[in-house]
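Reviewing the structure listed below.
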Amino acid sequence: MRIGLFIFFLFFYHFLHSQNNVNDTIKDSLKLNKVKLENIKKVDTTKDSLINVKLIKDTSLVNKDKSKKVDTSSNKAPKYNDYFYRYVNSNFIRIDTVDTTFNINTYYRFNDLRKDQFGKIRVNNIGQGYNNLTYDEPSSIYPKLGVPMKFWNYIEEQNIKYYDVDDPYSELFYLSGMEDGQAGGGLISFNFTDSSNFTFSYKGINSLGKYRSSKSTQGVLTTSFRSQVTDSYSIFAHFAYQDFRNQENGGIKERGQFEDGETKYFKRSLVEVKMEDAESFMRSKRFYTNQFVDLIKSKDSSGNSKPILRATHKFSLDNQYYIFEESKLSNYFEEVVAQSSSANYKDSVNRNALKNQFTVISNINDFINLGVSYTNFKLKYSVKDSNRIDSDLNYLSADIAIKNAYLGAINIKSKYKIPDATFGQNYMLSASWDTKIYDYEMNFSAAIYSIPPYLTYMYYNGYYRKMNWENSFDTEKINRLGLSFNYSDIKNYISNLELSIKYFNINNHLYIDKNHSVSQYADPINFGIAYLDFSSNIWKIFLNTRLIYQQIFSGNEVFRLPDLVLKTSLVYSDLFYSAYFDLGIDFNYFSEFISNDYLPIINSFYLGDRKIGNYPIVNAFLILKIKNMKLYGIFEHVNSTIAERKYYSLPSHPYTDLKGTLGIIWNFFN
């Protein structure tokens with residue numbers, strides 16, 4: 001309720017002025033689902049690269065012409081040409097526009113993550129986290145804290161948006177929660193000069209949950225600043241404060257209370273859980289700046305200035321603090337406590353990181369770009385205020401990007417950590433080739449990684465006797481080969497067809513065993529992942545089917561994934577008076593497999609011994625778009641009332657029952 005009141009007063013005055021001058025953005029919305037589903041593509045996981053060349057499809061995004069007006073008469077995705085944002089990563093600045101399109105992605109991204117959830121399944125309450133049904137490649141070779149369940153809603157430095165708007169822009173978001181609660185947030189962005197912008201955003205969750213001790217409370221506050229100080233110097237900066245608090249119940253005690261259908265247990269708060277007085281909490285504070293200086297510039301054939309030699313400096317100071325505590329023991333492990341206090345039983349870990357990165361990039365010509373960088377990374381990690389790691393780490397990077405109309409785009413990216421006594425040798429090397437053959441976009445890629453273990457896997461000192469260790473591991477090594485192609489032709493019934501195949505080899509894999517101890521697997525793990533995305537548009541009906549097929553060839557004793565993950569969405573789009581609407585259903589399924597279970601003490605996963613899956617989940621939804629306001633009505637898991645009660649997100653955590661969700665996303669321009 002407090003979040004709702006805050007957002008209401010924050011946006012009320014802005015709303016009165018913005019709606020008077022708002023543009024009618026969609027003149028032909030019924031055809032928009034033919035637009036290629038841009039968000040479904042896999043994100044480039046080499047996030048620490050210096051340069052990233054892609055085949056730019058809309059070069060008008062790079063040089064903004066303020067005299068141009070929005071063209072909403074065609075069936076292309078309408079975007080506001082005067083409302084820009086940037087993602088900044090080393091020297092790479094990706095420019096995009098605020099997107100008000102109305103298609104299937106509008107539905108896919110309406111959740112507590114504000115991201116597409118395909119390939120994962122949510123634990124019962126919003127804000128509790130997800131069980132990953134596929135494999136995600138490493139995103140960094142810097143040492144991470146661990147506690148992965150706390151990082152689903154976490155905003156990394158490369159995810160911050162830096163806006164450039166001609167007039168003030170704001171957004172309102174609301175999503176109803178479980179039982180008593182909601183998720184909501186808002187954003188305000190304005191340019192205080194032609195080349196300087198300030199943006200404030202907040203997202204919060206406060207949801208009670210249907211099961212005992214499952215309340216989620218989260219708050220993510222970010223402020224970002226961007227300024228083009230001179231023609232040759234620009235700066236990007238942000239501050240992010242994030243906190244994630246969850247009551248932890250350890251899952252249900254007896255599956256029978258959930259599965260047998262006894263009437264009294266239909267009220268899920270009566271189902272017995274393993275823990276009732278436990279809570280986990282993570283707080284993060286980050287200050288970040290990234291400065292760009294163009295040392296040498298020249299003009300291209302069009303007379304536009306472009307940098308030939310650029311220097312950048314990136315600075316970040318990041319603190320992550322995690323605690324787990326109980327007011328009274330739950331006997332979760334049914335053994336003697338190793339340490340205790342007179343008040344609460346409490347574990348805590350703290351990670352402090354200070355990063356300075358210096359980069360030089362040379363754009364030799366339109367064909368080839370080179371970049372090198374040096375990074376100093378100071379890391380401190382403490383357990384219960386006792387310092388365990390105090391390291392001064394040094395990284396070297398070298399990237400090359402080649403772009404040619406005939407060859408396509410070739411990217412080679414590398415990062416290498418100079419070996420040290422704590423983490424040994426870490427590195428990342430990846431190569432990709434993007435090209436187009438007739439109407440097919442092709443990508444060939446390969447990567448090798450050597451990544452450090454989670455800090456919580458190395459040192460942890462808990463009040464449960466089992467949760468105490470000091471470990472030294474070999475680095476985990478990952479090799480990957482990939483091939484993908486994409487075909488798009490909105491003139492025919494097939495509006496998008498994408499297929500990708502990846503093969504992985506993992507050595508020295510780290511995992512938590514059935515005894516809740518961190519172990520390292522001695523044998524190699526080999527598996528393949530095939531991904532299919534098919535979209536079709538006939539009349540006013542739109543169909544999107546996505547499928548992941550996974551085969552583990554060796555190592556399935558410790559590495560577990562379902563063979564099949566499937567999502568199919570069928571949507572009817574039409575116009576009702578001045579409102580455009582999507583009415584649809586989506587079908588979700590993953591095959592049966594022995595899933596890892598959730599260890600709340602360190603918010604991680606351990607080897608379980610129970611199967612989940614082989615159960616369909618059907619959702620129904622209605623989305624209305626009135627000017628720049630989208631209204632959502634979703635019935636989640638509509639088949640739960642007639643199906644067998646064997647639907648689980650994790651072996652000890654049932655998936656949600658039938659749930660109605662209401663929500664809104666409202667964009668304000670001017």
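What to note about this one:
- Three-way shape call for the stretch 154-204 based on the alpha-carbon gyration tensor, with the a/c threshold at 1.5: oblate
- Summing charges over neighbours of residue 230, with a neighbour being any other residue whose Cβ is under 12 Å away from its Cβ, gives -1 when K and R count +1 and D and E count -1.
- Carbon-plus-sulfur accessible fraction, the stretch 420-536 (probe radius 1.4 Å, protein heavy atoms only): 55%.
- Potential lengthening of the chain between residue 385 and residue 514 amounts to 43.6 nm, from the contour at 0.36 nm per residue minus the alpha-carbon distance.
- FRET efficiency for the residue 305 to residue 466 pair, using the beta carbon distance and R₀ = 51 Å, is estimated at 0.25.
- In a simple Cβ point-charge model (Lys, Arg +1; Asp, Glu -1; nothing else charged), the stretch 417-530 has a dipole of about 260 debye relative to its Cα centre.
- Measuring nothing but protein heavy atoms, the accessible surface of the stretch 373-417 at 1.4 Å probe radius is 56 percent carbon and sulfur.
- Spin-label proximity, residue 319 to the stretch 233-259 - amide N less than 17 Å from point 7 Å beyond Cα toward beta carbon: 239-244
- Label separation (residue 530 vs residue 154): 3.5 nm, computed from points 7 Å beyond Cα along the C-beta direction.
- Percent carbon-and-sulfur accessible area, the stretch 217-348, ignoring ligands, DNA and RNA, probe 1.4 Å: 48 percent
- With the whole protein complex present, residue 332 retains an accessible surface near 40 Å², based on a 1.4 Å probe.
- Calculated accessible area for the stretch 109-206 comes out at 31 Å² per residue, all protein chains present (probe 1.4 Å; ligands, DNA, RNA ignored).
- FRET efficiency for residue 289 and residue 481, using Cβ-Cβ distance with R0 set to 35 Å, rounded to 0.05: 0.40
- Loop-located trypsin sites (Lys or Arg not before Pro) in the stretch 563-650, at most 13 other Cβ atoms within 10 Å (DSSP): 610
- For the stretch 231-344, the solvent-accessible area with a 1.4 angstrom probe is 48 square angstrom per residue.
- Taking every protein chain into account, the 1.4 Å probe leaves residue 126 with about 10 Å² of accessible area, to the nearest ten.
- Normalised per residue, the accessible area of the stretch 507-561 is 42 Å², obtained with a 1.4 Å probe and no contribution from ligands, DNA or RNA.
- Residue 281 paired with residue 611, simple spin-label distance in nm, labels 7 Å along Cα-to-beta-carbon: 4.2 nm
- Extending 7 Å from the Cα toward the beta-carbon at both residue 96 and residue 228 defines two label points whose distance is 2.1 nm.
- The calculated FRET efficiency for residue 644 paired with residue 570, based on their beta-carbon distance and R0 = 25 Å, is about 0.55.
The values are calculated or read from the model by the stated rules, or taken from the named source; none is laboratory data. Note that the structure is a prediction, hence the values are computed from the model and not measured. So basically every Cβ, Gly included, is an ideal-geometry build from the backbone, and we count neighbours across all protein chains shown. With ligands, DNA and RNA removed, areas are computed over all heavy atoms of the protein, side chains included. Shrake-Rupley method; radii C 1.70, N 1.55, O 1.52, S 1.80 Å.
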